[in-house]
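**Student:** Structure below; questions to follow.
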Amino acid sequence: AAGGGWPAVCEKFRAARTLSAVESLKDPETEPYRSKYSARALLQEVKQLLSAAEEGGEAVLAVRRAVLEYELGVNHTDTEELSAGEEHLQRCTQLLEPHRLSPDCVSLYIQAQNNLGILWSQRDGIETAQTYLESAEALYNQYMKEDGNPPLDPSEHFMAEEEKLTDQERSKRFEKAYTHTLYYLAQVYQHLDMIEKAAQYCHTTLKRQLEYCGYYPVEWARNAATLSQYYLSKECFMEARHCLAAASVIFSQAGQVPSAEDGDETEPDQQDLPERKAEIARCWIKYCLNLLQSARKLLEDNIGELDPDRQLELKAQRKKEEDEKEKGRKKAVLFGTSDICDSVLAMEEKVSSVYPLDFQEAREIFLVGQNYVQEAKEFFQVDGYVTDHIEIVQDHSALFKVLAFFEEDYERRCKMHKRRIDMLEPIYTDLNPQYYLLIRRQLQCELADTYYEMMDLKVAIGNRLEKLDSHTVKKINSLAQFAIKYYELFLDSLRNPDKVFPEKLEEDVLRPAMVAKFHIARLYGKLITSDSKKQLENMQTSLEYYTFLVDYCEKYPDAVPAIETELELSKEMVNLLPASMERLRAKM
């Protein structure tokens with residue numbers, strides 16, 4: 001070949017790769033693809049030189065051509081010229097087709113299919129992408145079964161003998177290409193709503209990235225934390241905790257160690273570390289909250305109180321299962337090498353992954369959740385992150401609510417609900433009604449429900465007394481008034497600009513509105529007064545709210561399933577109240 005023979009060809013090839021991978025990172029914003037275009041020109045020159053450099057016969061030439069087609073394909077994809085990119089990648093796979101299972105070609109072939117997969121997902125051709133990626137996966141498995149020796153890395157086709165890679169390095173690069181296949185497949189399955197399969201592939205990808213040390217800590221941690229949310233939705237708390245513990249451990253490497261992903265450059269986006277850390281904290285909050293709420297579902301009786309028989313039964317069952325279960329499931333999901341494993345285990349031991357069955361156990365999980373609330377709030381402050389901040393406070397309130405379920409002492413339970421009021425009310429008061437209608441509605445309902453719950457608890461405490469003292473009466477009435485106030489605020493938010501309540505309620509507010517009406521009716525019935533005239537008025541108001549429910553469901557029967565229990569009770573009250581009112585009038 002002209003001008004320096006084969007070594008010169010290799011040199012040009014290497015220069016093109018450096019331009020593409022290293023120099024292009026420094027390209028100015030005005031010419032973002034400058035280096036990519038220079039690299040492309042060099043690759044075209046290498047392609048011309050190839051036919052002149054006849055070395056090693058037809059087969060070798062075909063593979064070298066395929067490498068160039070591959071590089072050109074990726075180059076065009078990088079510069080957003082998808083059709084040209086596709087043509088080059090197709091040519092690459094055509095050249096390799098007959099030899100795709102040979103150690104010389106298999107890695108290149110898989111990488112070409114990966115890139116065709118990426119290219120088609122950029123075009124929203126998800127099914128086509130799936131076909132390419134699944135075929136790459138099948139090829140990897142077939143090669144490993146039939147041959148299994150570390151295959152050549154595509155770059156080696158343009159290297160002198162003495163530069164060739166070690167088997168260890170070859171294996172690492174081949175496995176990395178396959179990890180990419182699985183990573184893209186996970187995303188494809190997620191697009192196609194094959195959630196179970198997506199999670200399984202995501203888990204395998206994360207596992208392999210740790211095994212072969214090819215990952216960016218922050219991105220890895222984010223993906224692991226996202227995967228934990230899938231396991232939560234399936235109530236797989238052990239797996240969810242494992243993912244979160246691993247996310248926290250790997251995240252702590254960020255900015256300390258240069259990662260092994262493509263040489264030693266550090267991960268992009270180091271500046272938003274505090275935000276990423278706060279996001280992981282939020283995933284931990286959801287973990288604690290979900291674990292407590294699932295335990296409540298198991299333990300509650302039909303009126304939402306803790307069922308002591310059920311509690312004993314579950315404790316006995318847990319004792320029996322505990323020893324068998326841990327061992328079996330642990331093996332399946334573990335991430336990472338031994339030193340990472342130790343840190344992950346230490347992290348896992350800080351919080352349980354089995355259902356809490358009494359107050360003590362629930363409180364430990366609650367406290368972990370509460371610590372993560374503080375951590376998340378440090379970043380997501382009211383100024384600048386108002387919706388995130390409120391969601392975190394709502395989660396904090398939900399943690400108190402579910403902890404109260406486990407508390408037997410009514411006074412202490414009341415104090416927990418008071419904590420919820422104290423964190424939610426200031427936020428509610430500060431929200432601009434114009435912009436935050438939906439969040440204000442959520443908070444109105446939650447504040448009303450919390451006051452309602454406290455009122456019920458105070459009534460229960462009062463019932464245990466010989467005689468109701470005036471202090472308890474005042475307390476009950478004031479809690480009831482606050483609950484009524486917030487339910488009314490919520491119902492008023494449904495009125496149109498002329499202050500008229502809607503004839504027919506929208507699907508999403510139907511149940512909350514009906515429950516609000518029902519609770520207001522009950523609250524008027526609970527108000528304590530020695531003035532008979534006032535008592536009659538309260539009964540009358542109560543009757544009007546119960547009647548609203550009954551009339552609405554007669555007019556719109558499709559509303560019934562949403563509020564069956566409330567409707568039954570309302571019908572009873574509509575029948576009973578008039579008679580009680582008559583008796584009171586007679587007494588007066």
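The values are calculated or read from the model by the stated rules, or taken from the named source; none is laboratory data. This structure is a prediction, so every number in the text was calculated from the model and none was measured. Ideal geometry is used to build each Cβ from the backbone, glycine not excepted, and the neighbour counts take in all protein chains shown. These accessible areas exclude ligands, DNA and RNA; they are computed on the full protein's heavy atoms, side chains included. Shrake-Rupley method; radii C 1.70, N 1.55, O 1.52, S 1.80 Å.
**Student:** Does TYR33 satisfy the criteria of being touching a Ser or Thr at 6+ places or on another chain (Cβ under 8 Å), within 20 Å of LYS164 (Cα to Cα) and hydroxyl-bearing (Ser, Thr, Tyr)?
**Tutor:** no
**Student:** Also, I was wondering about something else. Considering only residues that are touching a residue at least 40 places away in the same chain (Cβ under 8 Å) and under 26 Å from GLY462 (Cα atoms), which ones fall in the stretch 491-521?
**Tutor:** VAL515, ALA516, PHE518, HIS519, ALA521
**Student:** From the list GLU134, GLU175, pick out the single residue that is at pLDDT 90 or above, over 30 Å from ILE340 (Cα atoms), in a helix (DSSP H, G or I) and in contact with a helix residue (DSSP H, G or I) (Cβ under 8 Å, 6 or more places away or on another chain).
**Tutor:** Exactly one of GLU134, GLU175 is at pLDDT 90 or above, over 30 Å from ILE340 (Cα atoms), in a helix (DSSP H, G or I) and in contact with a helix residue (DSSP H, G or I) (Cβ under 8 Å, 6 or more places away or on another chain), namely GLU134.
**Student:** Hey, any hits in the stretch 36-47 for a residue that's surrounded by 12 or more Cβ atoms within 10 Å (Cβ to Cβ), among the polar types (S, T, N, Q) and at pLDDT below 85?
**Tutor:** No, the conditions are met nowhere in the stretch 36-47.
**Student:** Based on this model, can you work out whether ILE528 counts as assigned to a loop (DSSP other than H, G, I, E, B) and of a type in the set (A, V, I, L, M)?
**Tutor:** So ILE528 passes the test.
**Student:** Would you mind finding the one in TYR33, TYR70, TYR37 that is closer than 23 Å to VAL106 by Cα and not small (Gly, Ala, Ser)?
**Tutor:** TYR70
**Student:** To continue, here is another question. Of the residues that make up the stretch 275-294, is at least one at pLDDT below 95, more than 18 Å from LEU227 (Cβ to Cβ), in a helix (DSSP H, G or I) and out of contact with any helix residue (DSSP H, G or I) (no Cβ under 8 Å at 6 or more places or on another chain)?
**Tutor:** The answer is no, given that none of the residues of the stretch 275-294 is at pLDDT below 95, more than 18 Å from LEU227 (Cβ to Cβ), in a helix (DSSP H, G or I) and out of contact with any helix residue (DSSP H, G or I) (no Cβ under 8 Å at 6 or more places or on another chain).
**Student:** Being among the charged types (D, E, K, R) and at pLDDT below 90 is the requirement here; does GLU161 meet it?
**Tutor:** Yes; evaluated as a whole, the condition is true for this residue.
**Student:** So, of the residues in the stretch 67-84 that are of a type in the set (S, T, N, Q) and part of a helix (DSSP H, G or I), which turns out to be nearest to PHE13 (Cα to Cα)?
**Tutor:** Here the residue is ASN75.
**Student:** A further question follows. Regarding PHE548, is this residue open to solvent by 40 Å² or more (accessible area, probe 1.4 Å) and in contact with a Ser or Thr (Cβ under 9 Å, 6 or more places away or on another chain)?
**Tutor:** yes
**Student:** Follow-up. Test MET573 against the stated conditions and say whether it is open to solvent by 80 Å² or more (accessible area, probe 1.4 Å) and in contact with a Ser or Thr (Cβ under 9 Å, 6 or more places away or on another chain).
**Tutor:** Against the criterion (open to solvent by 80 Å² or more (accessible area, probe 1.4 Å) and in contact with a Ser or Thr (Cβ under 9 Å, 6 or more places away or on another chain)), MET573 does not qualify.
**Student:** Which residue is nearest to ILE285 (Cα to Cα), if the candidates are limited to the stretch 196-230 and must be of a type in the set (Val, Ile, Thr) and surrounded by fewer than 22 Cβ atoms within 10 Å (Cβ to Cβ)?
**Tutor:** If we take residues in the stretch 196-230 being of a type in the set (Val, Ile, Thr) and surrounded by fewer than 22 Cβ atoms within 10 Å (Cβ to Cβ), then THR226 is nearest to ILE285 (Cα to Cα).
**Student:** Within the set of pairs 6+ apart or on separate chains, which have a first residue in the stretch 114-129 that is in contact (Cβ under 8 Å) with a residue 40 or more places away in the chain and aliphatic (A, V, I, L, M), a second that is assigned to a helix (DSSP H, G or I) and surrounded by fewer than 22 Cβ atoms within 10 Å (Cβ to Cβ), and C-beta atoms under 6 Å apart?
**Tutor:** Partner pairs satisfying both residue conditions: LEU119/THR77; LEU119/LEU82; LEU119/GLU86; ILE126/HIS191; ALA129/TRP120; ALA129/SER121.
**Student:** Okay, next question. Within the stretch 178-195, take every residue that is buried (at least 19 other Cβ atoms within 10 Å of the Cβ) and among the aliphatic types (A, V, I, L, M) and give me the one that is nearest to LEU152 (Cα to Cα).
**Tutor:** Among them, the one singled out is LEU182.
**Student:** If you don't mind, there's one more thing I want to ask. Only residues that are outside any loop (DSSP other than H, G, I, E, B) and touching a helix residue (DSSP H, G or I) at 6+ places or on another chain (Cβ under 7 Å): list them for the stretch 489-499, please.
**Tutor:** LEU489, PHE490, LEU491, SER493 - these are the residues of the stretch 489-499 that are outside any loop (DSSP other than H, G, I, E, B) and touching a helix residue (DSSP H, G or I) at 6+ places or on another chain (Cβ under 7 Å).
**Student:** Only one of (1) part of a helix (DSSP H, G or I); (2) open to solvent by less than 30 Å² (accessible area, probe 1.4 Å) fails for GLU162. Which number is that?
**Tutor:** Status for GLU162: all satisfied but (2).
**Student:** Sticking with this structure for a sec: Is it the case that GLU87 is of a type in the set (Asp, Glu), modelled with pLDDT of 85 or more and in a helix (DSSP H, G or I)?
**Tutor:** Yes, satisfied.
**Student:** Then there's this: Does the stretch 22-46 hold any residues that are out of contact with any helix residue (DSSP H, G or I) (no Cβ under 8 Å at 6 or more places or on another chain) and part of a loop (DSSP other than H, G, I, E, B), and which are they?
**Tutor:** VAL22, GLU29, THR30, GLU31, PRO32
**Student:** Do we find that LEU312 is within 30 Å of the chain's Cα centre (by Cα), over 30 Å from LYS377 (Cα atoms) and surrounded by 11 or more Cβ atoms within 10 Å (Cβ to Cβ) in this structure?
**Tutor:** In short, no.
**Student:** Could you list, in sequence order, all residues of the stretch 502-524 that are open to solvent by 30 Å² or more (accessible area, probe 1.4 Å) and out of contact with any helix residue (DSSP H, G or I) (no Cβ under 7 Å at 6 or more places or on another chain)?
**Tutor:** PRO502, GLU503, LYS504, GLU506, GLU507, ASP508, ARG522, listed by residue number.
**Student:** Determine whether ASN114 is surrounded by fewer than 20 Cβ atoms within 10 Å (Cβ to Cβ), more than 21 Å from VAL46 (Cβ to Cβ) and modelled with pLDDT of 90 or more.
**Tutor:** no
**Student:** Name the pairs whose Cβ atoms lie under 7 Å apart, with the first residue in the stretch 445-471 and under 13 Å from GLU411 (Cα atoms), the second acidic (Asp, Glu), and 6 or more positions between them or separate chains?
**Tutor:** From residues that are under 13 Å from GLU411 (Cα atoms), the pairs are ILE461/GLU411.
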